[in-house]
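Engineer: Once you've had a glance at the structure underneath, I'll fire off some questions.
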Amino acid sequence: MPVTTTGLEVDRTALRRTRVAVGRAHAAPPAGGVLCRVDSFALTANTVTYAVAGDLFGYWRFFPVSEPPWGRVPTWGHAEVVASSHPDVEPGQRFYGFWPMADHVVLEPTGVGPAGFVDGAPHRAELPPIYQRYQRADPRADADAEARTALLRPLFATSFLLDAWLGEQDLFGADAVVVSSASSKTARGLGHLLRERGRGEVVGLTSRRHVDFVARTGAVDRAVPYDDLPDALPDAPAVYVDVAGDAGVLAAVHTRLGARLRRSVRVGFTHHDVLADGSGDLPGPAPEMFFAPDHVQRLAARWGGAGFAERLEAARRGFERGPGATIGLVRRTGPEEVAAAWLETVDGRTDPATGTICAW
């Protein structure tokens, strides 16, 4: 008997426009395939970044929709195999990985082993490998532990990769790191690592309403409201890590620091409504894009896959004992609630002290 499926689809040209799509999936998946029920997933500013950069980096291609302009935004979360036509994957097994904002999806496992499998669907073959891996869920983890993994593991991975890269380069000779959207979890993770490793002054840029919150997290040396730019920027040589993607903030940083700006790195698009397009003659170095999957491959080649995972997990545990310890969980259940949570995240109306976990 076919399974009724439900998913949230987003207009790729207007991210606030959504629809709930209902479809069908075969209860018995094609040979070699598995039908997974998506139990929960995290919804963060990073999820919105996948949509904003969907065409640039191929995120819309993971779970394609044949009816333009609609698309399914990928998220990180947990799912259970409910039907399998693959000899090495059994119903009831749970996996952490990259899922659509939908309640069911069919995957095509390859390379099945004790740690999990890789999705071998042909349409995903040319996409970054980091998003193709599905890891067996920790059987000891309860719902809250799974939620925190889905919420923090992908965000903190970007923080970890940024810190490792900046450390390798000795901050490009800078004495300070300026981070925009400092209330975001990615920025807080980066600030925590930079301060823990003594990598210079960490200056967090944020909205005035979040200044006190950012200062309390302990992830920055100074929390600076955007309203105080450019005068509040450091006088020392600095690196700019741009999580916001805000054109006005980018211009203020470049204009103020000029030749003192050692590197300008674009990471996210939390201010996607006022995006910088990268054009124009900005003083200082040209902004460059930081693409995390490339750095994963680079460090995994150096440390080995297991070594990379061990270093990342050790650093994440430190963050969760520090600034990450106070992050609360907010659960949103059902298509209407998931759609509302998406709009709140797109509009930047979520509480930075919490993380959103969605379920159908």
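Engineer: Specify which residue in the list Tyr59, Val20, Gly32 is farthest towards the positive end of the charge dipole of region 16-64, using unit charges on the beta carbon of Lys, Arg (+1) and Asp, Glu (-1), about the Cα centre.
Structural biologist: Farthest towards the positive end: Val20.
Engineer: Taking 0.36 nm per intervening residue step and subtracting the Cα-Cα distance, what contour gain separates Ala353 from Arg302 on full extension?
Structural biologist: Values: separation 51, 0.36 × 51 = 18.36 nm, distance 3.51 nm.
Stretched out fully, the Ala353 to Arg302 stretch lengthens by 14.8 nm.
Engineer: Can I ask one more? Sort Arg266, Arg260 so the one with the fewest other Cβ atoms within 10 Å of its own Cβ comes first.
Structural biologist: In order of increasing Cβ crowding within 10 Å: Arg260, Arg266.
Engineer: Still on this structure, I have one more. Name the trypsin sites (Lys or Arg not before Pro) in region 278-353 that are in a loop by DSSP and that have at most 11 other C-beta atoms within 10 Å, would you?
Structural biologist: Listed in order of number, the matching sites are Arg349.
Engineer: Taking amide H positions as placed 1.01 Å from N in the peptide plane, with prolines and chain starts having none, which residues 5 or more places from Leu205, or on another chain, fall under 5 Å of its amide H?
Structural biologist: For Leu205, the qualifying residues are Val179, Ser180, Ser181, Ala182, Val224.
Engineer: Provide Rg over Rh for region 76-131; use the alpha carbon set for both Rg and the Kirkwood Rh (inverse mean inverse pair distance).
Structural biologist: Over the Cα atoms of region 76-131, Rg/Rh equals 0.92.
Engineer: Quick one: dipole size for the chain, taken about the Cα centre, charges +1 on Lys/Arg Cβ and -1 on Asp/Glu Cβ, in debye to the nearest 20.
Structural biologist: Working: 38 positive and 43 negative charges, 78 e Å.
That gives a dipole near 380 debye.
Engineer: I want to make sure I understand the PRE zone here: with the label point 7 angstrom from the Cα of Ala141 toward its beta carbon, which residues in region 319-342 have backbone N atoms less than 20 Å away?
Structural biologist: 319-333
Engineer: Then there's this: Could you work out the mean projected area of the convex hull around the alpha carbons of the chain, in square nanometres to one decimal?
Structural biologist: Across all orientations, the chain yields a mean hull projection of 17.2 nm².
Engineer: So, one more: For Leu329, enumerate residues with amide H under 5 Å from its amide H, sequence gap 5+ or separate chain, H modeled in the peptide plane.
Structural biologist: Long-range HN contacts for Leu329: Gly355.
Engineer: Which value at 222 nm does the chain reach when only helices count, each DSSP H run of 4 or more adding -39,500 (n - 2.57), with the total divided by all residues and rounded to the nearest 500 deg cm²/dmol?
Structural biologist: -9500 deg cm²/dmol
Engineer: Can you sort Ser85, Ser66, Ser180 by how many other beta carbons sit within 10 Å, fewest first?
Structural biologist: The order, fewest Cβ neighbours first, is Ser66, Ser85, Ser180.
Engineer: Between Glu80 and Asp227, what's the calculated FRET efficiency when r is the beta-carbon distance and R0 is 41 Å? Round to 0.05. Please report the intermediate quantities before stating the final value.
Structural biologist: On the way: r = 47 Å, r/R0 = 1.15.
The value I calculate is 0.30.
Engineer: Let me ask something else. Could you pull out the trypsin sites (Lys or Arg not before Pro) across region 93-196 that fall in loop regions by DSSP (anything but H, G, I, E, B) with no more than 14 other Cβ atoms inside 10 Å?
Structural biologist: Hits after loop and neighbour filter: Arg140.
Engineer: Please compute the modelled spin-label separation between Met289 and Asp175, points set 7 Å along Cα→Cβ, answer in nm with one decimal.
Structural biologist: About 3.4 nm separates the two model spin labels.
Engineer: Sorted from fewest to most neighbouring beta carbons within 10 Å, what does the list Trp76, Trp60, Trp303 look like?
Structural biologist: With the sparsest Cβ surroundings first, the list reads Trp303, Trp60, Trp76.
Engineer: Just to be sure I understand the rule: take each whole DSSP H helix in the chain, project its Cα atoms onto its long axis, keep it if the span is 30 Å or more and its mean Kyte-Doolittle hydropathy is at least -0.5. Which ones pass?
Structural biologist: 143-168
Engineer: Could you check the simple spin-label distance between Leu343 and Arg197, using points 7 Å along Cα→Cβ, in nm with one decimal?
Structural biologist: So the label points at Leu343 and Arg197 sit 4.2 nm apart.
Engineer: Moving to a separate point now. Using alpha carbon centroids, what distance separates region 157-183 and region 295-348, in Å?
Structural biologist: 18 Å
Engineer: What's the extension gain from Arg209 to Thr13 if we count 0.36 nm per residue and subtract their Cα-Cα distance?
Structural biologist: Here the segment from Arg209 to Thr13 would lengthen by 67.6 nm.
Engineer: Going by a ≥ b ≥ c, the root eigenvalues of the Cα gyration tensor, does region 153-294 fall in the rounded group (a/c under 1.5), the prolate group (a/b larger than b/c) or the oblate group?
Structural biologist: Cα axes put region 153-294 in the rounded bin.
Where a number appears in this text, it was derived from the coordinates with a stated rule and is not lab data. These figures come from a predicted structure and were not determined experimentally. Cβ atoms come from the backbone with ideal geometry, glycine included; neighbour counts cover every protein chain shown.
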